[in-house]
Amino acid sequence: MTTARRGEGRVEVVELDDRARRVLARRHPEVGGASAAFVVVADAEMRTGLRHAVELLAAAANERRYLRIEELVDALLPRIDVPRPPALEQARRQAVVRLRMLRDFGAYSADDVAEMAGSRATNRSALASRWRRQGRILAVPYDNREFYLAFQFDDAGQPLPAVADVLAIMAGRSPWDIALWFVTDNPWLQRRRPADLLADQARRVTRAAEADAAARAGGTMRNGSAVDDPAPFSPAPA
């Protein structure tokens, strides 16, 4: 027990034992679970000032606990480059465009490519991997896997020859950037999409890719849009 005297006022502090703490917790559930409990006893004239002092002490203790928790949280957070709002907005637009592309045009896995082409290889991803290395088809990454957009193949599951021509012209660009080019209305094709003309008008598609590459070298597309902006595209026909 600790006793402090100030004039005629009397203050006593008593630490409760386990049994007394349990009794207190039944009456005041908000203090349940505490490992220590103290009772402060004071004369009437000390009541207001003492209560204020105790509240200040409790607030300071809680603040130190809050700061310790904040330090722990900060230590557990991974270190990342926090994106600026414009970069974050562009990433959101890109994500929406990519999802639309997959949903509207469809895509095959490496196993699907092997099955369509009638491959008998034990390694079911070998054919798609070989065609990709040869520059005959385009793979886009999604969900930690690679997918092959369906417009690249003919009815027999073979790569359309114009795809290889376009990939050679656009070497160095990202897979999703090239995929977006295929499905976007093209100013050199009378606003038609290259993906829709790969089978029947392959030479026109190749020329459009060449014109596009020349325009991009100057920093803008023919229609004046910035190179890094995701262009809109029309949904695939039903």
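Structure notes:
- Annotation for E12 and A199: the two label points, set 7 Å from Cα along the Cα-Cβ direction, are 9.7 nm apart.
- Counting neighbouring beta carbons within 10 Å and listing from fewest to most, the residues E30, E71 come out as E30, E71.
- The residues packed around D185, meaning those with a beta-carbon under 9 Å from its beta-carbon, carry a net charge of +3 if Lys and Arg are +1 and Asp and Glu are -1.
- Each of T184, T122, T48, T206 was scored by other Cβ atoms within 10 Å of its Cβ. Arranged with the fewest first, they read T122, T48, T206, T184.
- Inter-label distance for H28 and V96, nm, one decimal - labels placed 7 Å from Cα along Cα-to-Cβ: 5.5 nm
- Applying 1/(1 + (r/R0)^6) with r as the Cβ-Cβ distance of S125 and R84 and R0 = 35 angstrom yields a FRET efficiency of 0.35.
- Label separation (D111 vs D177): 3.3 nm, computed from points 7 Å beyond Cα along the C-beta direction.
- Under the shape rule built on the C-alpha gyration tensor, where the axes satisfy a ≥ b ≥ c, segment 132-186 is rounded, since a/c falls short of 1.5.
- Annotation for segment 92-123: trypsin sites (Lys or Arg not before Pro) lying in DSSP loop with at most 13 further Cβ atoms inside 10 Å of their Cβ are R120.
Computed from the coordinates by the stated procedures, all read-outs in this text should not be read as laboratory data. Just so it is clear, the structure is predicted and the values come from calculations on it, not from any experiment. No Cβ is skipped: glycine too gets one built from the backbone with ideal geometry, and neighbour counts run over all protein chains shown.
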